[in-house]
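Following: one structure in structure tokens, then a few remarks.
The values are calculated or read from the model by the stated rules, or taken from the named source; none is laboratory data. Because the structure is predicted, anything quoted here is derived from the model rather than measured. When we count neighbours, we look across all protein chains shown, and the Cβ atoms used for this are built from the backbone with ideal geometry, even at glycine.
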Amino acid sequence: MTKQEFYLTTPIYYVNDKPHIGHAYTTLACDVLARFHRLDGKNVFFLTGTDEHGQKVQKSAQAAGKEPQEFTNQLSQNFRRLAEEMNYSHDDFIRTTESRHIKATQDLWTKIRDNGHIYLGSYSGWYAVRDEAFYGEKELSINDKGQKVAPSGAEVEWVEEPSYFFDLSKWQEPLLDLYDKNPNFIGPKSRKNEVVSFVRGGLNDLSVSRTSFKWGIPVPGDPDHIMYVWLDALNNYQTGVGYPETEQGAYKSFWPADLHMVGKDILRFHAVYWPAFLMAAGLSPPKRIFAHGWLLNRGEKMSKSLGNVVTAADLTENYGLDAVRYYLLREVPFGQDGYISHESMVGRINGDLANDLGNLVQRVLSMVNKNCDSKIPIPGELTEEDITLLKASEELHLLVRAEFDEQAFNKGLELIWKIIGNANRYIDKQAPWVLRKSDQLRMQTVLFVLIEVIRKVSILIQPIMPDSASNILDQIASPIDERQFSNLNDKFSVNPGTNLPNPYPVFPRYVEEESQNGNT
């Protein structure tokens, strides 16, 4: 039986500066989904990378006294390093300066042009270099310095130059029809409403080439023009799976993409321009685009200019990698803006991880070590309470999958921690330390049930905390080839009588005095 394919992407990150925790947050969500779907038996392709063309990159390179290619080589490496630091499991890392991408994007341009959707004209209007975006007069405001700015706060400049245009105005109805027929095309629903409102308000043709600078992909047949950076960047999603080869190989297997994960500030490019480009080229649009919120520091979006940037290394070196991965997806509903803080981080580490899950595992395995000769105990007859807890842990996978399919990571984790809470209450009520003296068989049954629940929970948390989950599963002697989600359907998978190693703590408590820096 052929595995079902699942293709998901991060946005490709603009290389005009070093990555911060916001970049890590987006890719983390994709990494968790990629790991989840692999464990669910799917053939997954997970793409990330860097966006390296455009006026903003050229200016940043000039400011650094470097050629653009040298500049992008250096900064792209920072994003590769971030992927290693955060233990991401991506299948490919794409750069828009690669020859495969240049070839693919020139092919896309040619298809759109040959289908009659690109024409030559001249552009005059407002352009924000920071956003690499064009804005209408009505979208602008005046900041406290008296400068015209885009909705993002980026300064705009007046641009007049020859330009090729994409006939975006003709795609209003096809786009609205796409949204209507595919209700899950944009998530969350609040973002979908924004996009639909924007498109219903009318679309203007889009300038898709520039002549005032040269750092970009040349327009086929007219090298005086380079392609608009967003047409270039968005096509990375196709390049990554082998475009322009569409009839065989990875593209045929994985396109259209199942999910583009993006920040809310670039949703319009992905949900309006990108599907229009693809439909104009005679290609299929992606299945879903999800726009997450921002992680806020001191109530503001992180930026170098505000001096409030937090890097992934700032957090992982202080709190530990798996703890940070858990915290980022548990603390904030993924589609919303949310605050991160030292206090809430410590609360999650010491509460959810050390007290709830860590203490459950340590208590159970320590009792097995002391009272069951370090072997998985042989159970007796199950009671109604045993069966209730086991049944809830067996059903957990489907419930978590439903939440993760909607990118509701915090809700999925709440479901897992509900079972962990139930298991802690179960052990307190059953009191196997008392049963040790009065009913050895019942004690063994209770500990067996708890090990089975720990197994199921640990398999499910592998996508979020892969190293910690592996450490727990090693301690209950779970075979590596049985850590797939398909084994969650087994009523019992732990094998009574199996020798277990000496237990050790997986989630140490965070001790305040050990902190080098108490603020995030």
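Can you find a residue that is in the same structural domain as residue 236 (by TED's automatic domain parsing), under 23 Å from residue 59 (Cα atoms), touching a helix residue (DSSP H, G or I) at 6+ places or on another chain (Cβ under 6 Å) and modelled with pLDDT under 90 anywhere in the range 132-144?
Yes, the range 132-144 contains a residue that is in the same structural domain as residue 236 (by TED's automatic domain parsing), under 23 Å from residue 59 (Cα atoms), touching a helix residue (DSSP H, G or I) at 6+ places or on another chain (Cβ under 6 Å) and modelled with pLDDT under 90.
Any residue at all in the range 442-455 that's crowded, with 22+ Cβ neighbours inside 10 Å, farther than 19 Å from residue 381 by Cα and out of contact with any Asp or Glu (no Cβ under 7 Å at 6 or more places or on another chain)?
yes
Return the residue satisfying two criteria in turn: it lies in the range 1-24 and is out of contact with any His (no Cβ under 7 Å at 6 or more places or on another chain) and in a strand (DSSP E or B), and of such residues it is farthest from residue 90 (Cα to Cα). Even if it seems obvious, please write down each step before you answer.
To start, the set of residues in the range 1-24 that are out of contact with any His (no Cβ under 7 Å at 6 or more places or on another chain) comprises 1-5, 7-8, 10-12, 14-24.
So of that shortlist, the ones also in a strand (DSSP E or B) come out as 5, 7-8, 14.
Numbers: 5: 15, 7: 11, 8: 10, 14: 18 Å.
Ranking the qualifying residues of the range 1-24, first place goes to 14.
Could we say that residue 27 is more than 13 Å from the chain's Cα centre (by Cα), of a type outside the set (Phe, Trp, Tyr) and either under 17 Å from residue 240 (Cα atoms) or not in a helix (DSSP H, G or I) (or both) here?
Considered against the rule, which asks whether it is more than 13 Å from the chain's Cα centre (by Cα), of a type outside the set (Phe, Trp, Tyr) and either under 17 Å from residue 240 (Cα atoms) or not in a helix (DSSP H, G or I) (or both), residue 27 comes out as no.
Specify the residue that is nearest to residue 254 (Cα to Cα); the eligible residues are those in the range 34-59 that are among the acidic types (Asp, Glu) and in contact (Cβ under 8 Å) with a residue 60 or more places away in the chain.
In the first step, residues of the range 34-59 are kept if they are among the acidic types (Asp, Glu); the result is 40, 51-52.
With in contact (Cβ under 8 Å) with a residue 60 or more places away in the chain added as a condition, the list becomes 40, 51.
Working: 40: 17, 51: 22 Å.
For the range 34-59, the residue satisfying everything is 40.
Could you please find all residues in the range 131-161 being under 17 Å from residue 216 (Cβ atoms) and surrounded by fewer than 18 Cβ atoms within 10 Å (Cβ to Cβ)? Reasoning before the result, please.
Within the range 131-161, the first condition is being under 17 Å from residue 216 (Cβ atoms), and the residues that meet it are 131-134, 159, 161.
Within the range 131-161, 159, 161 qualify.
Could you list, in sequence order, the residues of the range 104-126 that are loosely packed, with under 14 Cβ neighbours inside 10 Å and farther than 17 Å from residue 273 by Cα?
First pass over the range 104-126, keeping only residues loosely packed, with under 14 Cβ neighbours inside 10 Å: 114-116, 119-122, 124.
Correct list: 114, 120, 121, 122, 124.
If you scan the range 471-483, which residues turn out to be free of Cβ contacts under 8 Å to residues at least 40 places away in the same chain and either surrounded by 17 or more Cβ atoms within 10 Å (Cβ to Cβ) or in contact with a Phe, Trp or Tyr (Cβ under 7 Å, 6 or more places away or on another chain) (or both)?
The answer is 471, 473, 478.
Check 455, 442 and return the single one that is among the basic types (Lys, Arg), modelled with pLDDT of 95 or more and either farther than 30 Å from residue 258 by Cβ or not assigned by TED's automatic domain parsing to the domain that holds residue 350 (or both). Even if it seems obvious, please write down each step before you answer.
Working: 455 fails: either farther than 30 Å from residue 258 by Cβ or not assigned by TED's automatic domain parsing to the domain that holds residue 350 (or both).
Result: 442 is the single residue among 455, 442 that is among the basic types (Lys, Arg), modelled with pLDDT of 95 or more and either farther than 30 Å from residue 258 by Cβ or not assigned by TED's automatic domain parsing to the domain that holds residue 350 (or both).
For the range 34-43, give me each residue that is surrounded by 23 or more Cβ atoms within 10 Å (Cβ to Cβ) and either touching a strand residue (DSSP E or B) at 6+ places or on another chain (Cβ under 8 Å) or within 17 Å of residue 84 (Cα to Cα) (or both).
34, 37
So is residue 108 modelled with pLDDT of 90 or more, part of a strand (DSSP E or B) and among the aliphatic types (A, V, I, L, M) or not?
On the way: modelled with pLDDT of 90 or more: yes; part of a strand (DSSP E or B): no; among the aliphatic types (A, V, I, L, M): yes.
No.
Which condition from (1) in a helix (DSSP H, G or I); (2) more than 21 Å from residue 256 (Cβ to Cβ); (3) at pLDDT 95 or above is the one that residue 88 breaks?
So residue 88 meets the others, but not (1).
Only one of these conditions is not met by residue 47: (1) within 30 Å of residue 340 (Cα to Cα); (2) out of contact with any Pro (no Cβ under 8 Å at 6 or more places or on another chain); (3) modelled with pLDDT of 95 or more; (4) surrounded by fewer than 24 Cβ atoms within 10 Å (Cβ to Cβ). Which number is it?
With respect to (1) within 30 Å of residue 340 (Cα to Cα); (2) out of contact with any Pro (no Cβ under 8 Å at 6 or more places or on another chain); (3) modelled with pLDDT of 95 or more; (4) surrounded by fewer than 24 Cβ atoms within 10 Å (Cβ to Cβ), residue 47 is out only on (4).
Could you say which residue among 119, 127, 164 is in the same structural domain as residue 275 (by TED's automatic domain parsing), at pLDDT below 95 and of a type in the set (Ser, Thr, Tyr)?
Details: 119 fails: at pLDDT below 95; 164 fails: at pLDDT below 95.
Criteria check complete, one pass: 127.
Kindly indicate whether any position in the range 484-507 is closer than 24 Å to residue 38 by Cα, at pLDDT 95 or above, outside the structural domain of residue 41 (by TED's automatic domain parsing) and not in a loop (DSSP other than H, G, I, E, B).
no
Name the single residue, out of those in the range 185-228 being aromatic (Phe, Trp, Tyr) and in a loop (DSSP other than H, G, I, E, B), that is surrounded by the fewest Cβ atoms within 10 Å (Cβ to Cβ).
Filtering the range 185-228 for residues that are aromatic (Phe, Trp, Tyr) and in a loop (DSSP other than H, G, I, E, B), the one surrounded by the fewest Cβ atoms within 10 Å (Cβ to Cβ) comes out as 213.
Answer yes or no as to whether residue 420 is assigned by TED's automatic domain parsing to the domain that holds residue 367, surrounded by 18 or more Cβ atoms within 10 Å (Cβ to Cβ), more than 16 Å from the chain's Cα centre (by Cα) and under 26 Å from residue 292 (Cβ atoms).
When the stated conditions are applied, residue 420 passes them.
Only one residue in 169, 207 is of a type in the set (Gly, Ala, Ser) and either at pLDDT below 95 or not assigned by TED's automatic domain parsing to the domain that holds residue 107 (or both), so which one is that?
Answer to the selection: 207.
Test of understanding: among 273, 327, which residue is at pLDDT 95 or above, within 20 Å of the chain's Cα centre (by Cα) and more than 15 Å from residue 20 (Cβ to Cβ)?
So the residue among 273, 327 that is at pLDDT 95 or above, within 20 Å of the chain's Cα centre (by Cα) and more than 15 Å from residue 20 (Cβ to Cβ) is 327.
Taking only the range 14-24 into account, find how many residues are within 13 Å of the chain's Cα centre (by Cα) and either surrounded by fewer than 23 Cβ atoms within 10 Å (Cβ to Cβ) or aromatic (Phe, Trp, Tyr) (or both).
1
Please enumerate the residues belonging to the range 127-144 that are assigned to a loop (DSSP other than H, G, I, E, B) and either within 32 Å of the chain's Cα centre (by Cα) or closer than 15 Å to residue 272 by Cβ (or both).
Passing the criteria: 129, 130, 131, 132, 136, 140.
Residue under question is residue 257, and the condition is that it be over 24 Å from residue 406 (Cα atoms) and modelled with pLDDT of 95 or more; does it hold?
Values: over 24 Å from residue 406 (Cα atoms): no; modelled with pLDDT of 95 or more: yes.
Taking the combined requirement at face value, the residue does not satisfy it.
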